[in-house]
Every structure is written in structure tokens, then in C-alpha cells.
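S.K.: Shown below is the structure under consideration.
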Amino acid sequence: QVQVVESGGGLVQPGGSLRLSCKVSGTPFSIYQWGWYRQAPGKQRELVVSIGSGGNTNYVDSVKGRFAISRNNAGNTVSLQMNNLQPEDTAVYYCNRYPTPLGGWGQGTQVTVSP
């Protein structure tokens, strides 16, 4: 059974940092690209960043220089270090395959950036 479990979200002030983690089980991991997606209230889910099997990355412009994705193929984990967080980063963050997500989504982890 496929499981994707995200963690690490929370409430931070603008300029703060958080580190999100994603643990994947029940599906091949190392050969696939994985991504962090987010969904803000009233908006569609969007891809924030992806990481290839070899570690190549692709960031959306709004997070370049602030976010850093990494993966551990031995542990089937994907992490997202988020620095200099801004209110517009407030969203539920999800981890999933890229470009074709798995059929289901995890519960996500809430990130709220507020003074």
C-alpha cells in the first residue's frame, strides 16, 4: 500500500524558516522524480519544486533562492528547506511524484506565515 506522509509544517513569522519532510513507502522511489506542491486557500494546487532521480532540480520563480529541495534515496525521503518565508507561502504543502502524481495525495502539512 502506497503511503506518502508529509511533516514539518507550522506557524512562522515572515522571514522565518521551516523544513518539511516527506516519507514514501509502498512504491518505487529512487527512479522517479518527486516534487513538492502547495495549495493556498481558494487556489489550485501548484508545483513548487521538483527533483530528479539524479538530483537535478527545478524551482518555480517565486521560491528560487529561498527554498531548497533534497532527497535521500536510501531512506525514501524528500525534504524541503524553506527560508525567508513570506505570507504568500502560506499553503498546505504536499509531496508527490512528478510530473505524474500518484493516484492519491497525502494529508499534506500546513505552512502558515503570519506576523
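S.K.: What does the net charge come to around Val92 if you take all other residues with beta carbon closer than 15 Å to its beta carbon, with K and R at +1 and D and E at -1?
M.R.: Net local charge, Val92 excluded: -1.
S.K.: Something else: Spelling out what I want: for every residue of the stretch 104-113, take phi, set θ = phi - 60°, compute 6.51 cos²θ - 1.76 cosθ + 1.60 (Karplus), and round to whole Hz; glycine and proline get x.
M.R.: Along the stretch 104-113, the couplings run x, 10, x, 7, x, 9, 7, 10, 10, 10 Hz.
S.K.: Using only the alpha carbons of the chain, what is the convex hull's orientation-averaged projected area in square nanometres?
M.R.: Reported value for the Cα convex hull: 6.6 nm².
S.K.: Compute the relative contact order of the chain as a whole-number percentage, counting only Cα pairs closer than 8 Å that sit 6 or more residues apart in sequence.
M.R.: Here the relative contact order equals 37 percent.
S.K.: Tally the DSSP beta bridges in the chain and give the antiparallel ones as a percent, rounded to 5.
M.R.: Rounded to the nearest five, the antiparallel share is 90 percent.
S.K.: Using the Kirkwood formula over every pair of different C-alpha atoms, what hydrodynamic radius in Å results for the stretch 27-93?
M.R.: For the stretch 27-93, the Kirkwood estimate is 12.6 Å.
S.K.: Place the peptides 32-41, 13-22 in order of packing, highest mean first, counting for every residue the other Cβ atoms within 10 Å and averaging per peptide.
M.R.: Answer by packing, highest mean first, reads 32-41, 13-22.
S.K.: For the chain, with all protein chains present and a 1.4 Å probe, just round the carbon and sulfur fraction of the accessible area to a whole percent.
M.R.: Carbon and sulfur: 47 percent of the exposed surface of the chain.
S.K.: Can I get the semi-axes of the stretch 9-57's equivalent ellipsoid? Compute them from the C-alpha gyration tensor as square roots of 5 times the eigenvalues, in angstrom, largest first.
M.R.: Those come to 24, 14, 12 Å.
S.K.: Arrange the peptides 64-71, 106-113 so that the one whose residues have, on average, the most other Cβ atoms within 10 Å appears first.
M.R.: 106-113, 64-71
The values are calculated or read from the model by the stated rules, or taken from the named source; none is laboratory data. In this text the structure is predicted, and so the values were computed from the model without any measurement. Please note: Cβ atoms are built from the backbone with ideal geometry, for glycine as well, and neighbour counts cover all protein chains shown. When the accessible area is computed, the model is the full protein with side chains, heavy atoms only, and any ligands, DNA or RNA have been set aside. Shrake-Rupley method; radii C 1.70, N 1.55, O 1.52, S 1.80 Å.
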